[in-house]
Amino acid sequence: AGVLGVMCAGAAGGGALLGTGTSRLGRLGRFQKYIRALGDHTYCNFQKLAQAAGKNEKFVKKDISRMIEKGWFLEGHVDAEGTCLITSNETYQQYLETEKQAKTVQMQQQQQKEQRSRMPEECRKILEEGQEYITYIHKCNDDLPGEEITRKLSRLETIITRIFQEVEKQPELASDLRRFMNYYLPTTRKLVDAYREIE
């Protein structure tokens, strides 16, 4: 009975070692698939990695997190949203900078929205119309070829943007801007449209 117990214990221990070895081999195989999916890139979304490994995304996220902890990806990171593997410190820093800039822009837009909500209705209306013109001119600039027209439209966009920025700072200027809104901007738009037709 004692010998039988030792044999059973030995068999169980061997099975555990075999299981551990098989698990490591499986993880190594998946790691190689992840590397192939990455190719020359230093980032890849989990959806693509999951397809490459033949696993679901939830499994792959945990799998890659373990690999990062164990140092398989020397410069491995996961983005804040948990959607992407990043395998380079440089790329990760670029990602962090982009996220920081996006949050800054979002904060500025929120502040601008709050500031505009306190403005008189007429002033808000003028600024909204102005933004529509700026957006239109920017789109035309993207569509039209030629350095000269690009330079002129870029300058025009900059000037109009500055005008509306001043009105945003000083809402009392809104009434003075109505003539500019009613005459100059529609005329400018007609000229740009005519140029687009010629092109």
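The values are calculated or read from the model by the stated rules, or taken from the named source; none is laboratory data. What you are looking at is a predicted structure, and each value in this text was computed from that prediction instead of being measured. Don't worry about glycine lacking a Cβ; one is built from the backbone with ideal geometry, like all the others, and counts go over all protein chains shown. Note: areas computed on protein heavy atoms with side chains; ligands, DNA, RNA excluded. Shrake-Rupley method; radii C 1.70, N 1.55, O 1.52, S 1.80 Å.
Quick look at the values:
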item: Residue within the stretch 153-161 that is open to solvent by 80 Å² or more (accessible area, probe 1.4 Å) and either over 26 Å from the mean Cα position of the chain (by Cα) or within 30 Å of Phe59 (Cβ to Cβ) (or both) present; result: yes
item: All positions within the stretch 82-114 that are at negative phi, modelled with pLDDT of 90 or more and not hydroxyl-bearing (Ser, Thr, Tyr); result: Cys84, Leu85, Ile86, Asn89, Glu90, Gln93, Gln94, Leu96, Glu97, Glu99, Lys100, Gln101
item: Hits in the stretch 130-141 (condition: in contact with a helix residue (DSSP H, G or I) (Cβ under 9 Å, 6 or more places away or on another chain) and either under 20 Å from Arg196 (Cβ atoms) or surrounded by 16 or more Cβ atoms within 10 Å (Cβ to Cβ) (or both)); result: Gly130, Tyr133, Ile134, Tyr136, Ile137, His138, Cys140, Asn141
item: Residues satisfying the stated conditions in the stretch 131-156, i.e. under 25 Å from Pro120 (Cα atoms) and either touching a strand residue (DSSP E or B) at 6+ places or on another chain (Cβ under 9 Å) or not aromatic (Phe, Trp, Tyr) (or both); result: Gln131, Glu132, Ile134, Thr135
item: Qualifying residues in the stretch 32-52 (those that are open to solvent by 40 Å² or more (accessible area, probe 1.4 Å) and among the hydroxyl-bearing types (Ser, Thr, Tyr)) - the one nearest to the chain's Cα centre (by Cα); result: Tyr43
item: Unique match (being modelled with pLDDT under 90 and not charged (D, E, K, R)) among Leu74, Leu17; result: Leu17
item: Within the stretch 167-198, tally of residues that are surrounded by fewer than 11 Cβ atoms within 10 Å (Cβ to Cβ) and of a type in the set (D, E, K, R); result: 6
item: Residue list for the stretch 62-86, filter: part of a helix (DSSP H, G or I), of a type outside the set (D, E, K, R) and either open to solvent by less than 30 Å² (accessible area, probe 1.4 Å) or in contact with a His (Cβ under 9 Å, 6 or more places away or on another chain) (or both); result: Ile64, Met67, Ile68
